[in-house]
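S.K.: Dropping the structure in here first, questions after.
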Amino acid sequence: HFLARAKAHQNLGAFVSLNEDATLAQAKAADALIAEGKGGKLAGVPIAHKDIFVTKDFPTTAASKMLEGYRSPFDATVVRKLADAGVVTLGKLNCDEFAMGGANENSAIAPVGFDSAQPVRNPWDTNRVPGGSSGGSAAAVAARLAPAVTGTDTGGSIRQPASFCGITGIKPTYGRASRYGMIAFASSLDQAGPMGRSAEDCALLLSEMCGPDLDRDSTSLDVPAEDFSAKLGDSIEGLRIGIPAEFFGEGLSADVRTAVDAALKEYEKLGAKLVPVSLPRTELSVPVYYILAPAEASSNLSRFDGVKFGHRAKDYADLNDMYKKTRAEGFGDEVKRRIMIGAYVLSEGYYDAYYLQAQKIRRMIADDFQAAFKDCDVIAGAAAPTTAWAIGGKADPVSNYLADIFTLPASLAGLPGMSLPAGFGEGGLPVGLQLIGNYFSEARLLNAAHRFQ
Ligand code: GLN
């Protein structure tokens, strides 16, 4: 059913690879296990992975020409854990190149059914972006090409596309899900998470995705996986929802604000209390993130040099020329921009002024959250300042960066955050409500989302 839907709706550009034989073989194996009563918790559930997770059965590109034709000899931990729970993999989903972007317009790989790279289309209005970088993931769930999918979130890439496509997605506390086999963008920020139709579905997947992977990921936390479904139905009577003034100021479009305000009223009806809080450095999260993430990216992407794997230029004079041509050909514009910013802020003479300064403010942003959580249990606001914009409508990179303002603070602090459908804005486009919790409060976030849904 889902393979047929993926093909029927390939105009969306959501999938970058399908492998029907592999999928059907996995489905048969799942059927056999179910028949013997040995299927895992997610036995036979078809899902698809963002093409940033390495997979044995499917090519892995990170939506970059640099990795076109690359086959991983192993599965990412998240992929393996879900496979152990019994899922069947439908295919790999489009994203921004190396997860750099917020509109899924930066993919350099031709999606299934196309012979050149395409922006992913938002199923609610195919002239609009689905958000990014997990845009293929969000579009696939919204168009019911898969019941649920994986995504990754470095600065909002699960929450913002979930918001633009009217679905639910959660980024857990940094370190809960293993980064092993997740192609690195900014290692101190990258986290995997599920995206689905509901908090209930996300809870099912997240319970299988988390857990320690200490030998393979040095930032993996030694915190056991939880059953995130267990508390979904709990009452939220008395839940204190912090409303940061900085999330409701200038820049938040009126239609998004109206939908978010209405959602918050619903929460009050469910017994929650709205408490004013302050996250005074919200604005600084944009410059801080766009220094730290490119700095880490410039270091992580140095491995793509034409020597070990991926693309290699055909004609070159010597080793340096090979590096230069390979990287000039293999990386797209946004990736090059980030590498240059990153190399600059890390260079001698600028390190103290930019990188070190950004690290200090990052700590202050995390401290601001701890101050706010003295007065509230969760923090709520819009996931993004606007609804989905038109494809090609935000050509300037800085305007793209500014649109990340509400998702970046939780990323910098390493906190769990989610987006759930709050209602609709102008033109009937989905609006996402963002909930941010303290470390390890995923169960509470999912509970709050589930009660609303
Ligand atoms: N939009 C942000 C960026 O371009 C976030 C991307 C992400 O979370 N992977 O970096």
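The values are calculated or read from the model by the stated rules, or taken from the named source; none is laboratory data. Quantities reported herein were computed from a predicted structural model and do not represent experimental measurements. Note that we place each Cβ from the backbone using ideal geometry, even for glycine, and neighbour counts take in every protein chain shown. Ligands, DNA and RNA are excluded from the accessible area calculation, which covers all protein heavy atoms including side chains. Shrake-Rupley method; radii C 1.70, N 1.55, O 1.52, S 1.80 Å.
S.K.: If you count only protein heavy atoms and use a 1.4 Å probe, how large is the accessible surface of residue 114, to the nearest 10 Å²?
M.R.: 70 Å²
S.K.: Set the bar at 24 Å for Cα to Cα. Now go through 65/336; 50/324; 56/81; 50/81; 65/324 and name every pair that lies beyond it.
M.R.: In this structure, 50/324 exceed 24 Å between Cα atoms.
S.K.: At 1.4 Å probe size, put 84, 368, 227 in order of accessible surface, largest to smallest.
M.R.: Largest accessible area first, the list is 84, 227, 368.
S.K.: Exceeding 19 Å between C-alpha atoms, which entries from my cross-link table qualify? They are 231/374; 273/374; 265/374.
M.R.: Violating the 19 Å Cα-Cα cut-off are 231/374; 265/374.
S.K.: Excluding same-chain residues fewer than 8 positions from residue 360, which aspartates and glutamates have a Cα within less than 12 Å of its Cα?
M.R.: Within reach: 352.
S.K.: Quote the charge dipole size of the stretch 195-271 about the Cα centre in Debye, to the nearest 20; the model charges only the Cβ of Lys and Arg (+1) and of Asp and Glu (-1).
M.R.: Dipole magnitude for the stretch 195-271 comes out near 320 debye.
S.K.: Shifting gears a bit: Could you state how much accessible area residue 1 has, in square angstrom rounded to the nearest 10, with a 1.4 Å probe and all protein chains kept in place?
M.R.: Number for this one is 150 Å².
S.K.: Here's another thing I want to ask about it. Check cross-link reach from residue 325 to the aspartates and glutamates: straight Cα distance under 18 Å, and skip same-chain residues fewer than eight apart.
M.R.: Within the straight-line cut-off, residue 325 pairs with 68, 305, 315, 333, 334.
S.K.: Further question: Using amide H atoms built 1.01 Å from N in the peptide plane, name the residues 5+ places from residue 275, or on other chains, whose amide H lies under 5 Å from its own.
M.R.: Placed amide hydrogens put 241, 242, 243 under 5 Å from residue 275.
S.K.: Suppose only helical runs count, i.e. DSSP H with n ≥ 4. What mean residue ellipticity at 222 nm does that imply for the chain under -39500 (n - 2.57) per run, divided by all residues and rounded to the nearest 500 deg cm²/dmol?
M.R.: Result for the chain: -10500 deg cm²/dmol, rounded to the nearest 500.
S.K.: Once you keep just the Cα pairs under 8 angstrom separated by 6 or more residues, what percentage relative contact order results for the chain?
M.R.: Computed over the chain, the figure is 18 percent.
S.K.: Which one of 156, 9, 218 has its Cα pushed farthest toward the positive end of the charge dipole of the chain, where Lys and Arg give +1 and Asp and Glu give -1 at the Cβ?
M.R.: Farthest along the dipole direction, towards plus: 9.
S.K.: Taking the Cα-to-Cβ direction at residue 36 and at residue 356 and moving 7 Å from each Cα, how far apart do the two end points lie in nm?
M.R.: Here the modelled spin labels are 6.0 nm apart.
S.K.: Now for a different question. Give me the one-decimal Kirkwood hydrodynamic radius in Å for the chain, with the sum taken over alpha-carbon pairs.
M.R.: The answer is 21.7 Å.
S.K.: What are the aspartates and glutamates whose alpha-carbon lies under 20 Å from the alpha-carbon of residue 7, with same-chain residues fewer than 8 places away excluded?
M.R.: Partners found: 20, 21, 51, 57, 115, 125.
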